[in-house]
1. Would you mind finding the one in G43, G59, G55 that is modelled with pLDDT of 95 or more, over 26 Å from the mean Cα position of the chain (by Cα) and in the same structural domain as L136 (by TED's automatic domain parsing)?
2. Restricting attention to the stretch 204-216, report how many residues are under 11 Å from K251 (Cα atoms) and either β-branched (V, I, T) or in a loop (DSSP other than H, G, I, E, B) (or both).
3. So, restricting to helices (runs of 4 or more DSSP H) that lie completely within the stretch 349-433, which ones have at least 3 residues that are within 25 Å of G475 (Cα to Cα) and among the hydrophobic types (A, V, I, L, M, F, W, C)?
4. Among the candidates Y424, Y415, single out the residue that is surrounded by 22 or more Cβ atoms within 10 Å (Cβ to Cβ), at pLDDT 90 or above, under 26 Å from T492 (Cα atoms) and in the same structural domain as F310 (by TED's automatic domain parsing).
5. Answer yes or no as to whether D105 is closer than 28 Å to Q63 by Cβ and among the acidic types (D, E).
6. Can you tell which of S208, S187, S168 is under 24 Å from D65 (Cα atoms) and not hydrophobic (A, V, I, L, M, F, W, C)?
Amino acid sequence: MLKTEDMTKFIPTTRAEMEARGWSELDVLFVSGDAYVDHPAFGVPLLARLLEYHGFRVGIIAQPDWRDPQALQVLGRPRLCAAISAGAMDSMVNHYTAARKKRRDDAYTPGGMSGARPNRAVIAYTAAVKGAFKGLPVIIGGIEASLRRLAHYDYWSDRVRRSVLVDSKADLLVYGMGEKPLIEIVSRLHQGEVVEQLTDIAGTAWLSTVAVAGEQLPSFEEVSEDTQSYAQMFLSVEQHKNSTLVQQHGKRFVVINRSAPSLTTVELDQLYGLPFCRRSHPNYTAKITAFEQIRWSVTSHRGCQGGCAFCAIARHQGRHVQSRSEQSIVKEIENMTHDNQFRGTISDVGGPTANMYGIELVQRERCQKCKRSSCIYPQVCSNLRVKPERGAKLLWQISNVDGVKHVFVASGVRYDLLEQQPEYLHQLLDHHVGGLLKVAPEALSAPLLKVMRKPMPDCFSRFIDTFRQHNRRSGKRRGIVPYLMAAHPGSTLSDMVDTALFLCQYGLQVEQVQEFTPTPGTLATCMYHTGIDPLTGTAVVSTYSEKERRLQKALLLYHQPQNKRDIREALRLCGREDAAEKLLGAHRVQRSEDKGNVVSEKGSHHRRGKGRRVVKRGRNK
């Protein structure tokens with residue numbers, strides 16, 4: 001039971017909390033697949049705080065039992081609408097591994113308990129809300145709805161599914177980060193418009209029963225039956241310049257309005273300056289792992305211009321980086337220092353890529369004519385102003401805030417960009433890296449990196465040399481943790497051998513390898529499903545067998561004795577037996593007396609990590 005002083009501190013989740021504010025009904029009911037954590041890195045609380053700031057009465061029902069209508073009715077019928085999100089992750093990614101095996105835990109649920117949200121949560125929650133409140137407008141959004149807004153390949157059913165707007169029977173879909181579209185939707189409903197009239201809002205999708213003007217994509221029926229049509233659809237979406245997209249589904253048409261304008265720096269500053277408690281709701285008795293990881297972190301920017309094939313951040317957060325002001329970030333941290341639970345350590349300052357803070361376009365109009373999928377690959381675009389001094393200055397300012405003892409950058413860096421950011425690199429290495437620096441080359445074979453849209457191996461070599469030279473000059477013993485991926489489209493056993501030999505050459509070892517999972521909205525998923533790179537038209541071979549996935553992972557974990565048999569078989573299958581001596585003889589796992597310590601970089605002992613961060617710095621709503 002909440003203490004009296006906490007009754008109005010959080011967004012209401014019970015009738016008692018509503019009554020403490022003097023409310024008899026809500027304007028907007030949020031339904032979320034995540035537990036309620038009042039922190040700006042969690043999308044539903046952020047949107048709820050924003051609507052609250054604009055004068056609307058909002059409440060949150062977190063992880064309700066979708067099979068029980070009464071679970072949705074605890075706050076009563078909202079006056080305007082319900083807003084539904086599966087949570088910070090796609091519910092199918094949250095539930096299943098790349099091998100389609102059920103995960104045993106959920107980092108966004110108290111105590112890590114799995115099963116608190118349904119499969120395809122947007123569809124299930126929408127059906128539950130429509131059953132509980134007949135005729136109530138339902139708006140869907142968040143990462144699951146955003147990336148499934150068109151016909152899409154679904155890995156878990158191994159088929160092309162219809163737009164989630166069609167399958168959920170929701171009234172509107174908000175894609176992207178959603179602040180501006182949601183404010184306009186709620187404001188217009190408040191002014192008396194009905195949801196059927198809200199067909200002109202940027203950043204939304206809606207269903208029409210008649211043909212609508214716009215760029216006509218191949219229909220659902222076409223893309224579900226023909227991989228060439230699917231690849232063409234993806235290319236059209238990837239290269240369209242903010243026009244209306246239309247895709248026929250049977251007798252109806254999914255209409256994707258132009259994207260919502262990005263938030264300005266002033267708007268971002270206002271958003272992150274809202275009164276977040278930085279607490280999980282007091283009614284929870286167990287810890288929420290995702291919250292513990294990011295509680296004392298700060299979002300400095302959003303969006304990504306990297307264009308990696310396997311990543312959907314750009315399609316959700318935007319292709320252009322939007323940065324907060326230094327003053328806003330410092331003020332947020334000053335407020336954190338007044339929290340009696342803060343111990344002086346900022347765990348992360350960053351965004352999808354930490355060192356993209358402050359990036360700007362030289363001429364925005366040039367981007368309207370550009371068809372590149374990445375502003376950084378294969379080289380940094382001349383229209384990109386990297387501004388290396390801004391990130392360095394920001395870290396320096398944060399470090400000098402009273403009450404701050406340590407500032408870390410944990411959300412990862414683009415080492416190819418660091419070559420243009422000497423000030424940031426020196427500041428980072430001098431003061432903001434602990435025992436390990438996380439970087440994500442993903443692979444170290446040139447042909448595969450071209451498919452991934454990642455920098456070439458020689459770029460990573462230069463970064464390693466720079467990092468180690470800095471270690472020698474500073475007398476520090478620190479390691480590099482390279483994140484690697486197996487079974488990405490275009491990945492062969494020979495590519496994995498080349499990657500393993502690179503690791504061997506530089507004395508690097510990894511303890512975990514991510515297995516590629518085809519998720520909606522990414523270029524890599526299109527390649528996996530169609531066997532085509534839609535940007536070039538070339539054929540791409542994907543790894544479908546469980547055995548080859550296992551062998552690819554074994555090669556990247558060449559130093560683990562239990563992988564010896566698989567490595568020999570992989571080398572035989574790809575005709576690379578010449579690499580056996582280096583991979584099987586030169587490097588073995590070296591363990592300290594404490595078995596919890598492993599060698600992450602040859603010669604440097606560090607605490608065993610837990611693999612990739614559960615919470616990506618890019619906020620998913």
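The values are calculated or read from the model by the stated rules, or taken from the named source; none is laboratory data. None of the values given here were measured: they were computed from a predicted structure. Backbone-built Cβ (ideal geometry, glycine too); neighbour counts: all protein chains shown.
1. On the way: G43 fails: over 26 Å from the mean Cα position of the chain (by Cα); G59 fails: over 26 Å from the mean Cα position of the chain (by Cα).
From the options G43, G59, G55, the qualifying one is G55.
2. Residues of the stretch 204-216 that are under 11 Å from K251 (Cα atoms), as a first pass: 207-211.
Okay, now just the ones that are also either β-branched (V, I, T) or in a loop (DSSP other than H, G, I, E, B) (or both), so 209-211.
Within the stretch 204-216, residues that are under 11 Å from K251 (Cα atoms) and either β-branched (V, I, T) or in a loop (DSSP other than H, G, I, E, B) (or both) number 3.
3. Filter on the stretch 349-433 gives 388-399, 422-431.
4. Y415
5. Details: closer than 28 Å to Q63 by Cβ: yes; among the acidic types (D, E): yes.
In short, yes.
6. Selected residue: S168, the only one of S208, S187, S168 that is under 24 Å from D65 (Cα atoms) and not hydrophobic (A, V, I, L, M, F, W, C).
Residues checked against (1) crowded, with 18+ Cβ neighbours inside 10 Å; (2) outside the structural domain of L417 (by TED's automatic domain parsing); (3) assigned to a strand (DSSP E or B); (4) within 23 Å of the chain's Cα centre (by Cα):
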residue: P218; (1), (2), (3), (4): yes, yes, no, no
residue: E238; (1), (2), (3), (4): no, yes, no, yes
residue: S243; (1), (2), (3), (4): no, yes, no, no
residue: V255; (1), (2), (3), (4): yes, yes, yes, no
residue: V266; (1), (2), (3), (4): no, yes, no, no
residue: Q270; (1), (2), (3), (4): no, yes, no, yes
residue: N283; (1), (2), (3), (4): no, yes, no, no
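Conditions (1) within 23 Å of P45 (Cβ to Cβ); (2) small (G, A, S), marked per residue:
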{"site": "V129", "(1), (2)": "yes, no"}
{"site": "I139", "(1), (2)": "yes, no"}
{"site": "G142", "(1), (2)": "yes, yes"}
{"site": "W156", "(1), (2)": "no, no"}
{"site": "K169", "(1), (2)": "no, no"}
{"site": "L217", "(1), (2)": "no, no"}
{"site": "F220", "(1), (2)": "no, no"}
